[in-house]
Amino acid sequence: MGKIFCLIGKSACGKDTLYKQLLADASLSLKTLVPYTTRPVRDGETNGVEYYFLTEKELQELEAQKKIIELRSYHTIHGVWKYFTVNDHQINLEENHYLIIGTLDSYAKLQNYFGRHILVPLYIDLEAGERLQRALNRERLQSEPKYAELCRRFLADEEDFSIQNLEQAGITKSFINNSLDRCQKELTAYIKDNL
């Protein structure tokens, strides 16, 4: 039976970079499980790669078909953005192992749907000041930076990823991303040990 490795962490901790590096490692043979969202596409993102970008109407159609595994809504400065996982053509646990990026909430919902033995958390952590600087640097590159949303996300993540919430989700191991190469090597070894 396949496993779903779920990269979890606060915004700007390096999840996207680590995700791409782990997927590129042929020795892991991980498949993607691309999440869905109703938020706008950011500069440099491609539909079907980072996310499937859908309209609210398309989301409602999937809900009517009972294909939504988990759904989260965020009240942002720019309106309600929804992120969700769909039981679609991507999932075949009898043949594949998967790597996804998620939140504590999505991890818990996926765990409830697939079972604890299928979901493996990979919690990425980083010192708050470094994380905030990375987020600011990334936002400055956008054609229309959304600094207020960056601040909202930073503060929400501090609360969402409290030690109590991590423990409640059963996450006791973390991977510190103050050295990308070292963090990737630790993640690779851990994934191999859990295949």
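The values are calculated or read from the model by the stated rules, or taken from the named source; none is laboratory data. Only a predicted model underlies this, so the values are computations on that prediction, with no experimental measurement involved. Every residue, glycine as well, gets a Cβ built from its backbone with ideal geometry; the counts of neighbours run over all protein chains shown.
Can you pull out every residue in segment 79-108 that is touching a residue at least 60 places away in the same chain (Cβ under 8 Å) and outside any helix (DSSP H, G or I)?
Quick first cut of segment 79-108, residues touching a residue at least 60 places away in the same chain (Cβ under 8 Å) only: 92-104, 106-108.
Within segment 79-108, Asn92, Leu93, Glu94, Glu95, Asn96, His97, Tyr98, Leu99, Ile100, Ile101, Gly102, Thr103 qualify.
Considering Gln60, Gln111, which residue is more than 16 Å from Tyr36 (Cβ to Cβ) and free of Cβ contacts under 8 Å to residues at least 60 places away in the same chain? Spell out the reasoning first.
Details: Gln60 fails: more than 16 Å from Tyr36 (Cβ to Cβ).
Of the residues listed, the single one that is more than 16 Å from Tyr36 (Cβ to Cβ) and free of Cβ contacts under 8 Å to residues at least 60 places away in the same chain is Gln111.
Residues in segment 60-76: is at least one of a type in the set (Lys, Arg), in contact with a helix residue (DSSP H, G or I) (Cβ under 7 Å, 6 or more places away or on another chain) and not in a strand (DSSP E or B)? No, segment 60-76 contains no residue that is of a type in the set (Lys, Arg), in contact with a helix residue (DSSP H, G or I) (Cβ under 7 Å, 6 or more places away or on another chain) and not in a strand (DSSP E or B). Of Gln90, Gln111, all but one fail to be surrounded by 17 or more Cβ atoms within 10 Å (Cβ to Cβ) and on the phi < 0 side of the Ramachandran plot; the exception is Gln111. With respect to (1) of a type in the set (A, V, I, L, M); (2) buried (at least 17 other Cβ atoms within 10 Å of the Cβ); (3) modelled with pLDDT of 95 or more, the lone exception for Ala24 is condition (2).
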